1. Probe of 1.4 angstrom, ligands and nucleic acids ignored: what's the accessible area per residue over the range 210-294, in square angstrom?
2. How large is the convex hull of the Cα atoms of the range 253-338 per residue, expressed in Å³ as a whole number?
3. Tally Lys and Arg at +1 and Asp and Glu at -1 over the other residues with C-beta under 13 Å from the C-beta of PRO371: what net charge comes out?
4. Please work out the Cα center distance from the range 40-90 to the range 340-380, rounded to the nearest Å.
5. Give me the net charge of HIS507's neighbourhood, meaning all other residues with Cβ under 13 Å from the Cβ of HIS507; Lys, Arg count +1, Asp, Glu -1.
6. Ranked highest first by the average count of other Cβ atoms within 10 Å around their residues, in what order do 303-311, 357-365, 65-73 fall?
7. Could you rank the peptides 189-198, 84-93, 373-382 by their average count of other C-beta atoms within 10 Å per residue, with the highest value first?
8. May I ask you to order 75-81, 50-56 by the average number of other C-beta atoms within 10 Å around their residues, highest value first?
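The values are calculated or read from the model by the stated rules, or taken from the named source; none is laboratory data. Not measured: the values here are computed from a predicted model. Quick reminder, even Gly has a Cβ in these numbers, built from the backbone with ideal geometry, and neighbours come from all protein chains shown. Surface accessibility is based on the protein's heavy atoms, side chains included, excluding ligands, DNA and RNA. Shrake-Rupley method; radii C 1.70, N 1.55, O 1.52, S 1.80 Å.
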Amino acid sequence: MNEKNSSALLGVDSVNDLSFNSVRQPYGNGSRGDSVFRDTALRSTLLGEYASLLLLCHSLFGVVCWSLYLPLNPAGLIMVGGGLWTAFRAVGGFAGERWTAGVSALMLLMTGTLAITGVSNVPPWLGGSLVAPSVWVAMLSVILLVDFLDWRASATANMTAVEKRKLNGRTLKLAFAGLFLAWGVGVPVATLIHQLSRPPMGKAQIEEMSFIAHVGFRSGEALVTACFFVLGCNIGSFLNVVGWRMPLGKSIVYEESRCPACSATIAGKDNIPIFGWLQLGGRCRSCSVEISPRYPIVEAITGGMFLLLYFVELISGGANLPVRPINMYRGVLWIIMYPKWDLIGLYLYHCFLFSSLLVFTLMAIDGNRIPRKLLAFCFGIGIVAPVVFPNLTLIPVLVVQIHTPLLCVGDADKAIFHGAAGYIAGVLAGGTIRMLTTRCRFKTGSRTGIVPSMCLIGATLGWQAAACVAALTLVLSMARFCNFPETDRDRSWPVASKILVAAFVHHVLWRFEWVYANH
């Protein structure tokens, strides 16, 4: 959250209030009097009703199966108790009570221990089937999440929108701390329990880490992962500034972040991505003017993109990248601690691409033209970077296969040719998208940024990627969920946003598409 404009980006109290007041009555706050079975978040939708029925039937079936073998192993009592609790909570038993989450967590801990250590003296079909302890862990995890949602709906029933946002901030901090502890401490604990329950038959393996070393290693992995997410959120905060200031001709470097309503300088503690907006309750600290939720949304989207590419492309060893062989050694240790600079360069290059596409989308949402300075910068990086670092070019312009595996383009001249061919393909693809969305009268928003987005995709990923993204964009434009009623035509998302989604989906499935196209 770097700037709060007073026109398009300022939120509207009535809209925000409407979104909060339209929630159903609090689930655990007497919506059915003092009944044991109450409204629950799980059953608030039709899909949730089906999920509730599935959990009920499956857990009761598992209870019957485990009850038959209780004399063989008393540990089956844990499975019976977990199944009965799952069935009880699936239909809304004591929804909204704070203590239900504690019971669910306890059941989850006990069944998780059984899943790690195993249950002896029971038939194989019972210990490793659809009623196995690992399945109970998954179901109880869903129940624990529902417990939290029910309690939250009950606790926030009488809160204002500002109070709810502040509570969201505290909840988000606890969620991040919980994830850190779950990976940094929970995984080593689970590994230790597994080792103690199944001691090695021969000599102990020398390469096994001690428990303390394992905690330190996993905590380091969690910290590195958090750093990549924080990097993405900070980039998203900067993208908010670029998307708002550059069309107005303002500096994106020298001007301080100020509230446009009262011109008060935004304090550093209020400028923290996502958390700053939540901590303020979505209002300016000085004048209490509503701040648009667009700021934390953009920051969260950018952080999510960086994080997803971190898992899919970086520490996976380039599992989604075509032509390039997947690294044999993967993970945080072998990719980050022992840096593989070629893969890190590809990751940063592709993050730059999607950040640029997101800025184009923000400007299209506002109905602004993309400034030439921004286009020159984006295309300069997109075309010049592969010339300086040829390994950024993955797919050759012309695929030639001469009894050898496909090789990627390596020299600067071919990289320039690659960028030029991709740029031309982007012009053709962008023009086609604009023509079809206009003539076929798709219910789309602004068509600003179509050609620049497609040209940048072609110049960085290749003409083949531009063609695939264009086809997927047209599919998204024709899809029913992308259409709005006639009265809401002006509120529909711009085509640039669908290009961004299509490009990201293509990037995640890039290797699969390439292998499929060449077989």
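1. Heavy-atom accessible area per residue stands at 47 Å².
2. In the range 253-338, the Cα convex hull volume per residue is 146 Å³.
3. So the environment of PRO371 carries a net charge of +4.
4. Centre-to-centre distance over Cα atoms comes out at 49 Å.
5. Net charge around HIS507: -1.
6. Going from most to least packed, we get 357-365, 303-311, 65-73.
7. Order by mean packing, descending: 84-93, 373-382, 189-198.
8. For the peptides 75-81, 50-56, the packing ranking is 75-81, 50-56.
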